[in-house]
Every structure is written in C-alpha cells, then in structure tokens.
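The values are calculated or read from the model by the stated rules, or taken from the named source; none is laboratory data. Source: prediction; values computed, not measured. All Cβ positions, glycine included, derive from the backbone under ideal geometry; neighbour counts span all protein chains shown.
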Amino acid sequence: MNSKRRPLLAANWKQNLLWQDIEEYCETLRAEMPEYFGEDEAPLPDLLICPPLCYLGLLGALLEDSHVLSGSQLVSTEDGGAFTGEVSAAMVADLGCDYVIIGHSERRQLFSDNEERISRRIQQALEHDLLPILCVGEDLETRRGGSAGEYVQAQLAAQLEPLRTAAQQELVIAYEPIWAIGTGENAAAADAQQMAALIRGWITSNISAAAGEAALLLYGGSVKPGNISEYFTQPDIDGALIGGASLNPRDMAAMLRSCAGVL
Ligand code: 13P
C-alpha cells in the first residue's frame, strides 16, 4: 500500500450466484458496511463487484445509492453488429460499469483468449471509458522453473500499446498466479510483493515513471479474510482481486474491514 494510490478490493463472482442470491448479498452488505451506502464521502478501500454479465443491470439497481463500483468480467473484441452472444464495451458502459476484467487465466485457458484478443478487448474497453483490469500470472511449472518474472513481463510486453493508452487514465494490473487460483494455496506475501515490484518496474521502464507510480497493482489467488492483510501491507500491492471468498458478503465485509484497518 502506498497512500498516494486509492486501494481497491475487487470481487470477481465468476459464474456464480442467481438473482435472489444477489438481492440477499446486497442486503447483507448494506447491513454490514453501511459506510458504503451513506451520503458521506466514499470510504477506503474502494469496493468493486464484477457479477456475471446478465446481472450487471440488477446489481446496478440494487447498489444505485451506494459507493460500490461495478465491473464486467468480459467485453467483446468487436464494437457491435452481427456477433451472436457477444456483449460490447458500449453496452457494459451503458449499464454504468466502471471496470472490466481482461485476460483472466480462466479465459486464457478455457476460452482461447490469446494476446491478440486480449489486446482488442482492452482497446474496446478504453474506447468506451471502461478501466481494464489486466490479469497476468504464471502457471506452476513456470514458477518451479524459476522464470515467473520473465513470463509475466512477456505478458505485459504483449500488451504494450494498449497499456500505454490505458496509462493515460489509470493502469490496473492483477497478478494472479494460476496455481493459487481457487486452490486454497495462496502465494507468499513476499513473493507477491516481489512480483508487484517487478510489474511496477516494468511499467516505469516501458511506459513512464508517472504511470509506474500511479499504477494500481492487485494480488489475486485464494485471498480470504485470514490472509488479506498480509498483501495489503506490502508496499507495491494496492488491493486484491477475490474469487471464492467474495461470494460471501460477510467475508467480503471482513476483508474490507481488515484492509481499512491497515490504511
Ligand atoms: P480465488 O480467490 O477463488 O482463488 O480466485 C481468484 C481469482 O481468479 C480472481 O479473479
């Protein structure tokens, strides 16, 4: 954490929760964290929820009077037209979203999201004033082979031009080692910090010192109430991207409190 950057906790619900669950979730969140629903200034950390695409409108309506931000888990590579099943960045922005997750390892591995498609999704997001959260991270073999740093730098380099454009607003990068996602095996905080420092250094060298200083770097992978403060207290980690533990609003509230406690 660095006091110059606004810390962010981002919930990635993935393909979970139904309409009624979401209504109950928001009710519980309102009861647990009234400061996110008050008239006063938005509290820290910022809270972002990324529900399944089809519930973005519902979430927006339920959280209309709150400081909670909303984001999409996906945007199309295409601007609009005959692309059955796709949802464009313009549509996501129209629903009041602020952010979009791009390059998540589940999409890279299961839905053939390659560097070219990721690049087009980032461009689409930027054209429609959505802030992309670019996910990077190595698999277990790469980590064991000792080349995790090079691997992540290559992922960043593949997106250099879109990242340069994004840096004019704010760069948000989530380091999510694949072996830590949904496994309960979180990265050691010191290792996550080392990677965050490397990412910040890469941005400083390849984009600008100002972009490096301002970039918001998140850690993701088996984050939960019991370990979140370990990450938040690292100098280059500004928040977390949370999967499983974000599905429970009480756990989410506990993580928000834990972060607020170390700010
Ligand atoms: P888990 O928190 O379930 O490990 O998921 C992390 C993640 O993929 C967030 O995008």
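Restricting attention to segment 107-129, does a residue exist that is crowded, with 17+ Cβ neighbours inside 10 Å, closer than 20 Å to Asn12 by Cβ and touching a residue at least 60 places away in the same chain (Cβ under 8 Å)? No: segment 107-129 contains no residue that is crowded, with 17+ Cβ neighbours inside 10 Å, closer than 20 Å to Asn12 by Cβ and touching a residue at least 60 places away in the same chain (Cβ under 8 Å). When only residues in segment 223-243 that are under 14 Å from the mean Cα position of the chain (by Cα) and near the ligand (Cβ under 10 Å from one of its atoms) count, which is farthest from Gly71 (Cα to Cα)? This residue is Val223. Restricting attention to segment 168-203, the residues that are more than 18 Å from Asp139 (Cβ to Cβ), at pLDDT 95 or above and either more than 16 Å from the ligand (Cβ to nearest atom) or touching an Asp or Glu at 6+ places or on another chain (Cβ under 7 Å) (or both) add up to 10.
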